[in-house]
Amino acid sequence: IPMKKRNIIVRTASVLLAAVLLLSLCPAVFAAERTICIGTQEELCELAERCASDVYSKDLTVILTADIDAGGKAISIPVFFGTFDGQGHHIYSLTLSGNASQYGLFSRVETGAVVKNLSVEGEVTPSGTQDQIGGIVGINAGRIESCNFSGIVIGSDYIGGIAGNNEPGGVLSDCRVSGVVRGIQYTGGIAGQNAGTILRCSNTAAVNTAVN
């Protein structure tokens, strides 16, 4: 075979081999990195239902594409392991008043998870034991950054405008709270109890920390 033709064959074979290798890797890549976009109340409700499973949100990125009117519904994401990017959008008219502890828009944000660029407006006033209640998250072990809460958070112990309980390793950064935060013990404008890190956060909410 002439040298020129042989070189063309070798180059073609190399390209085909590279393509085969890439295709063989793609399923793993797509399985490890999933992204969904949500922009309606129905889609937010569906996300909350799916996140009842501990494994659903692992390696998941959620992107909020529009402001969402919760319509007074009790929408709470039970457990979250992924990345939730609000892109500066609002979730408003959220009402969480059921019998619950570890309660907020997110009940629990796990280690390695990130919630960012999100504003929430509403009322988090559950009945029952009312422990570990927050406007954004009940218990945070991940990272909450550039998130705002405006409204009312009322409970018993570990009550915060952003997080009820910021666990060791949890980070709250560049967050703001306004409205009313009220509890009995371990109550704060940003976090009810903080064993992690709070950076550059500000609170203008009225906070009642009296113990009955």
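Extension gain for the segment residue 87 to residue 127, taken as residue separation times 0.36 nm less the Cα-Cα distance, is 11.2 nm to one decimal. Reducing region 43-62 and region 185-209 to their Cα centroids gives an inter-centroid distance of 27 Å.
Extension gain, residue 61-residue 185: 0.36 nm per intervening residue step, less the Cα-Cα distance, totals 41.2 nm.
Applied to region 129-144, the Karplus parametrisation 6.51 cos²θ - 1.76 cosθ + 1.60 on θ = phi - 60° returns per-residue 3J(HN,Hα) values of 6, 6, 9, 6, 10, x, x, 9, 8, x, 10, 10, 10, x, 10, 10 Hz, with x for Gly and Pro. Only the Cβ atoms of Lys and Arg (+1) and of Asp and Glu (-1) were treated as charged; on that basis the dipole of region 81-212 about its Cα centre amounts to roughly 140 debye.
Over region 156-202, Cα pairs under 8 Å with separation of 6+ residues give a relative contact order of 52 percent. Summing Lys and Arg as +1 and Asp and Glu as -1 over all other residues whose Cβ lies under 15 Å from the Cβ of residue 140 gives a net charge of -2. Of the peptides 173-179, 150-156, 186-192, the order by per-residue mean of other Cβ atoms within 10 Å, starting with the highest, comes out as 186-192, 150-156, 173-179. For residue 67, the residues 5 or more places off, or on other chains, whose built amide H falls under 5 Å of its own are 90.
Stretched out straight at 0.36 nm per residue, the stretch from residue 52 to residue 97 would grow longer than its current Cα-Cα span by 14.3 nm. Per residue, the average separation of C-alpha pairs within less than 8 Å and at least 6 apart gives region 59-212 a relative contact order of 17 percent. Quick query: amide H of residue 108 versus all other amide H atoms, modeled in the peptide plane; which residues come in under 5 Å with a sequence gap of 5 or more or a different chain? Result for residue 108 returns 79, 80, 138, 139.
Readers should treat all values here as calculations from the given coordinates under stated rules, not as data from a laboratory. The structure presented is a predicted model; accordingly, all values stated were derived computationally and were not measured. No Cβ is skipped: glycine too gets one built from the backbone with ideal geometry, and neighbour counts run over all protein chains shown.
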